[in-house]
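Written below as structure tokens is the structure these notes are about.
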């Protein structure tokens with residue numbers, strides 16, 4: 001357990017990404033984190049949203065992105081409650097980019 005870290009350094013060799021759910025105060029220093037609150041979002045959509053948030057955090061680091069993609073869907077779903085809401089830094093930018101992409105796709109059609 002001494003080999004697990006929530007904030008890898010530049011020289012660290014990364015082998016796995018492990019999804020987990022913990023009190024936010026305990027993972028406040030982790031690189032990849034999202035706050036999960038009670039809400040109406042389904043687990044599958046919340047997992048996709050968390051994956052998008054973490055992908056933007058890992059932008060430019062191919063190893064981290066590959067490890068995030070390697071997490072099986074069922075492991076990502078196991079840690080999330082049934083009805084939830086996802087909050088994280090940069091979430092508004094992701095939502096705005098989705099809206100812009102939808103509008104641009106509609107104009108092309």
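Read the figures in this text as sums done on the coordinates, not as results from a lab. Keep in mind that this is a model prediction, so the values were computed, not measured. Cβ placement follows ideal geometry from the backbone for every residue including glycine, while neighbour counts extend to all protein chains displayed.
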Within region 77-88, the count of residues that are surrounded by fewer than 19 Cβ atoms within 10 Å (Cβ to Cβ) and under 11 Å from the mean Cα position of the chain (by Cα) comes to 1
Within region 46-69, residues being exposed (fewer than 12 other Cβ atoms within 10 Å of the Cβ) and more than 11 Å from the chain's Cα centre (by Cα) number 3
Within region 30-45, of all residues that are in contact with a strand residue (DSSP E or B) (Cβ under 6 Å, 6 or more places away or on another chain) and buried (at least 16 other Cβ atoms within 10 Å of the Cβ), the one farthest from residue 88 (Cα to Cα) is 41
Going through region 5-29 in order, the residues found to be under 15 Å from residue 64 (Cβ atoms) and exposed (fewer than 13 other Cβ atoms within 10 Å of the Cβ) are 5, 7, 9, 10, 11, 12, 13, 14, 15, 16, 18
Flagged pairs (Cβ under 6 angstrom, 6 or more apart or on separate chains; first in region 77-89, touching a residue at least 12 places away in the same chain (Cβ under 8 Å); second in a loop (DSSP other than H, G, I, E, B) and surrounded by 15 or more Cβ atoms within 10 Å (Cβ to Cβ)) are 79/19; 86/34; 88/34
In region 66-86, anything outside any loop (DSSP other than H, G, I, E, B) and closer than 11 Å to residue 41 by Cβ is listed as 84, 85, 86
| message | For region 32-40, check the following and say yes or no: at least one residue is in a helix (DSSP H, G or I) and under 17 Å from residue 77 (Cβ atoms). | response | no
